[in-house]
Amino acid sequence: MELAKKVAYLGMFTALALVLGWLESLIPIYPLVPGMKIGLANVVTLLVLYRFGWKEAGCVNLLRVGLSGILFGNLSLVLYSLAGAVLSLVSMILLKKTDRFSLTGVSVAGGVMHNLGQLLMAVILMENGMIAYYVPVLLIAGTISGVLIGMAGAFLHRHLPTEIG
């Protein structure tokens, strides 16, 4: 794929991830579990990872987190998002490389690790390990979100035109 076309697609995916993240922030998916979201923008990360590769997925992910923080948040939001995004992406890259997991399986790992990354950042920022009681809830929520996002990502991966990536 020529460079200009690749940059255009990655720009489109970055914008889509940003919009999905913003839309999701308007709708509390888990009203009983503070801060929980399904992670719609992660569909974009999965697609870029599978269509383009890990470097491109990392760039789109970092741009999304940075731009979201600048446009809609604050430093605290950026730190939490960055911790989750980096741990999630690293786990997805490693599992994808094994070729032993489906796209949905990779997504589940990403969902769980995203939540654990944010919890780890909370422990660091709040200097309080007691919030680790939240781990079981995060594991369940990350698994459910990962399955849903993975199924959507797998569907899109199968049905998007092949020239995208």
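The values are calculated or read from the model by the stated rules, or taken from the named source; none is laboratory data. Keep in mind that this is a model prediction, so the values were computed, not measured. We place every Cβ from the backbone using ideal geometry, glycine too, and count neighbours over all the protein chains shown. Just so you know, the surface numbers come from the protein's heavy atoms only, side chains and all, with ligands and any DNA or RNA stripped out. Shrake-Rupley method; radii C 1.70, N 1.55, O 1.52, S 1.80 Å.
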Answer with yes or no whether residue 25 is under 21 Å from residue 122 (Cα atoms), small (Gly, Ala, Ser) and at pLDDT below 90.
yes
Assuming residue 53 fulfils every condition listed in (1) at pLDDT 95 or above; (2) open to solvent by less than 40 Å² (accessible area, probe 1.4 Å); (3) on the phi < 0 side of the Ramachandran plot apart from one, which condition is it?
(3)
Suppose we filter segment 95-147 for residues that are open to solvent by less than 30 Å² (accessible area, probe 1.4 Å), out of contact with any Gly (no Cβ under 6 Å at 6 or more places or on another chain) and hydrophobic (A, V, I, L, M, F, W, C); how many remain?
6
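Condition check ((1) in a helix (DSSP H, G or I); (2) under 19 Å from residue 116 (Cα atoms); (3) touching a Leu at 6+ places or on another chain (Cβ under 6 Å)) across all residues:
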position: 43; (1), (2), (3): yes, yes, no
position: 49; (1), (2), (3): yes, no, no
position: 63; (1), (2), (3): yes, no, no
position: 66; (1), (2), (3): yes, no, no
position: 69; (1), (2), (3): yes, no, yes
position: 76; (1), (2), (3): yes, yes, no
Contacts under 8 angstrom Cβ, first residue in segment 102-115 being more than 15 Å from residue 41 (Cα to Cα), partner not in a helix (DSSP H, G or I), 6 or more apart
109/101
Out of 77, 63, report the one residue that is open to solvent by 30 Å² or more (accessible area, probe 1.4 Å) and at pLDDT 95 or above.
63
Looking at segment 56-70, I want the residues that are acidic (Asp, Glu) and have a partner that is in a helix (DSSP H, G or I) with Cβ atoms under 7 Å, at least 6 apart or on another chain. Which pairs are those?
56/10; 56/48
For segment 89-131, which positions are in a helix (DSSP H, G or I) and either over 17 Å from the mean Cα position of the chain (by Cα) or at positive phi (or both)?
97, 98, 122, 123, 124, 125, 126, 129, 130, 131
Out of (1) within 26 Å of residue 5 (Cβ to Cβ); (2) without any contact (Cβ under 8 Å) to a residue 40 or more places away in the chain, the odd one out for residue 160 is which?
(2)
